[in-house]
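*Asks:* One structure, as structure tokens, below. Some questions next.
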Amino acid sequence: MSTGKFPAEGWAARLERIDAAWQRIEALLCTAVVAAEIVSLTLWVSLRGLSTDYVDRANSSGLVYRSIVTGALFGIAAHWATRSRNRASTGLSSPGDEREQRRRRIAVTAAIVIGLAAGRGWAHAGVTYASNVLNWLQNASVLMLIGGLRGLVTRLTLWVALLGASLATSRGKHIRIDVVLRSVPARLSRATAVVGQLAAAVMCALAVVGFLDYISIAAFRAPAVAPCANDATKSCETTPREKLAAVTQRVAADFFLLERQLSLDCQSLPKVITGTPYDGWMTASEWNDWLESANWTSHFDKVAVDALRMPPSDPSTPPSYRIPQVAVPGTGEEARGLCVRELTFVFPLGLAVLSLKFLVRALLVLAGRVRSDPEAAHEEEDLARAR
């Protein structure tokens, strides 16, 4: 593949191996993120279905979910039962026997139909338990800080998109306009391709700077302007260092609250699993003890932290309970969705990776390790299909 025109052939080969290893890591990450997204969606749909009681025909989603689950379980059971019987009777000597296959299909279909009808038998089962688990995950768990299960799915989708874009860039399959590359003479195609890759790398790098500046101001409320040092009556644009200081301070506070919510989850999880209402176990004294177990004043004002304390319960009255949800002292911010702003850094991070990928691609084209003509990526695809 090498032309031998460049003396630094060794670095090009090493860079190609690094790029291939990088792609393998990204492919594994993409698979893991997709699996996590599937699990999150399945959990969300299941809990929503199980927590919905079938009262009248106006709200039958819970019944539909239970019928589908029961039908699927009955169908799987019939599939395995008929398969075992076929093995015992025939020893799989005639796997293509039409009669046996027809009987098997009829048995599985009948089992599914029976299961769909049998779903009504447990239309009211598990509603309270599933509602308690779902409400805890959405309102008083660490998932609440990123918008619940739906917020998690949204973020995972963005990660999949950026990982896919990075893989496409490494393989030359990203969206591009190649009219210039097709119109230049063949001797200039490599130089044109390198210039295009470098231009894309610069554009992604500039987008990283723009996203970081926007996120720091819009999401973390870093000051865009401040009084000028030499004239306080005028406003000057804040420096990147000042914005970074504001972002760092709020990120540290957010991670502190994330750790505090995890500590609450460790206490809530055993109770929620055993059926205890998630909002009916933490008393005022337990809440106050939990507040005292961490150094809140390192991130928040002491007066605001003290305002979170609950008055002690009167022994003569029923105890008052506190939802095990972390609170943001004195800032006026809601805890729900608080850590979404940290997750928005995935945009500049993904663009920074794309910038590096375009730069690597330009170096590989320059070294002759990657073809510069527009049809190269499509030819590789056709070869893979042929194989």
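*Asks:* For the stretch 109-139, how many residues meet the condition of being open to solvent by less than 30 Å² (accessible area, probe 1.4 Å) and under 13 Å from Phe74 (Cβ atoms)?
*Replies:* 3
*Asks:* Residue under question is Thr317, and the condition is that it be free of Cβ contacts under 8 Å to residues at least 60 places away in the same chain and closer than 15 Å to Ser268 by Cα; does it hold?
*Replies:* no
*Asks:* From the list Ser189, Ser285, which one is hydroxyl-bearing (Ser, Thr, Tyr), part of a helix (DSSP H, G or I) and open to solvent by 40 Å² or more (accessible area, probe 1.4 Å)? Even if it seems obvious, please write down each step before you answer.
*Replies:* Numbers: Ser189 fails: open to solvent by 40 Å² or more (accessible area, probe 1.4 Å).
Checking each option against the conditions leaves just Ser285.
*Asks:* Would a scan of the stretch 95-107 turn up a residue that is among the hydrophobic types (A, V, I, L, M, F, W, C), within 25 Å of Val127 (Cβ to Cβ) and modelled with pLDDT of 70 or more? Spell out how you get there, then give the answer.
*Replies:* Of the stretch 95-107, the ones among the hydrophobic types (A, V, I, L, M, F, W, C) are 106-107.
Subsequent filtering for residues that are within 25 Å of Val127 (Cβ to Cβ) retains none.
Within the stretch 95-107, none of the residues are among the hydrophobic types (A, V, I, L, M, F, W, C), within 25 Å of Val127 (Cβ to Cβ) and modelled with pLDDT of 70 or more.
*Asks:* Now for a different question. Residues in the stretch 288-316 that are open to solvent by 70 Å² or more (accessible area, probe 1.4 Å) and over 30 Å from Gln249 (Cα atoms): how many?
*Replies:* So the answer is 5.
*Asks:* Given the conditions (1) at pLDDT 95 or above; (2) buried (at least 16 other Cβ atoms within 10 Å of the Cβ); (3) over 17 Å from Val326 (Cα atoms), which single one is not true for Ala222?
*Replies:* Unmet condition: (1).
*Asks:* Quick check on my filter: what residues within the stretch 99-149 are of a type in the set (S, T, N, Q) and farther than 24 Å from Ser263 by Cβ?
*Replies:* Taking the stretch 99-149 first, the residues of a type in the set (S, T, N, Q) are 101, 109, 128, 131-132, 135, 138-139, 141.
Across the stretch 99-149, the qualifying residues are Gln101, Thr109, Thr128, Ser131.
Residue by residue, here is whether (1) basic (Lys, Arg); (2) at pLDDT below 90; (3) not in a helix (DSSP H, G or I) holds:
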{"residue": "Glu334", "(1), (2), (3)": "no, yes, yes"}
{"residue": "Leu338", "(1), (2), (3)": "no, no, yes"}
{"residue": "Leu351", "(1), (2), (3)": "no, no, no"}
{"residue": "Ser355", "(1), (2), (3)": "no, no, no"}
{"residue": "Val360", "(1), (2), (3)": "no, no, no"}
{"residue": "Gly368", "(1), (2), (3)": "no, yes, yes"}
{"residue": "Ser372", "(1), (2), (3)": "no, yes, yes"}
{"residue": "Ala377", "(1), (2), (3)": "no, yes, no"}
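*Asks:* Regarding Val208, is this residue open to solvent by less than 30 Å² (accessible area, probe 1.4 Å), farther than 26 Å from Val328 by Cα and within 29 Å of the chain's Cα centre (by Cα)?
*Replies:* Working: open to solvent by less than 30 Å² (accessible area, probe 1.4 Å): yes; farther than 26 Å from Val328 by Cα: yes; within 29 Å of the chain's Cα centre (by Cα): yes.
Criteria met by Val208.
*Asks:* Also, I was wondering about something else. Which members of the stretch 253-277 meet the condition of being in contact with a helix residue (DSSP H, G or I) (Cβ under 9 Å, 6 or more places away or on another chain), in a helix (DSSP H, G or I) and loosely packed, with under 13 Cβ neighbours inside 10 Å?
*Replies:* Ile273
*Asks:* Related question: Please indicate, with yes or no, whether at least one residue in the stretch 306-317 is over 31 Å from the mean Cα position of the chain (by Cα) and in a helix (DSSP H, G or I). Before the answer, list the steps.
*Replies:* Quick first cut of the stretch 306-317, residues over 31 Å from the mean Cα position of the chain (by Cα) only: 306-317.
Those still in the list that are in a helix (DSSP H, G or I) too: 306.
Checking the stretch 306-317: at least one residue is over 31 Å from the mean Cα position of the chain (by Cα) and in a helix (DSSP H, G or I).
The values are calculated or read from the model by the stated rules, or taken from the named source; none is laboratory data. Just so it is clear, the model here is predicted, and its values are computed rather than measured. FYI the Cβ positions are ideal-geometry reconstructions off the backbone, even for glycines, and counts take in every protein chain you see. Surface accessibility is based on the protein's heavy atoms, side chains included, excluding ligands, DNA and RNA. Shrake-Rupley method; radii C 1.70, N 1.55, O 1.52, S 1.80 Å.
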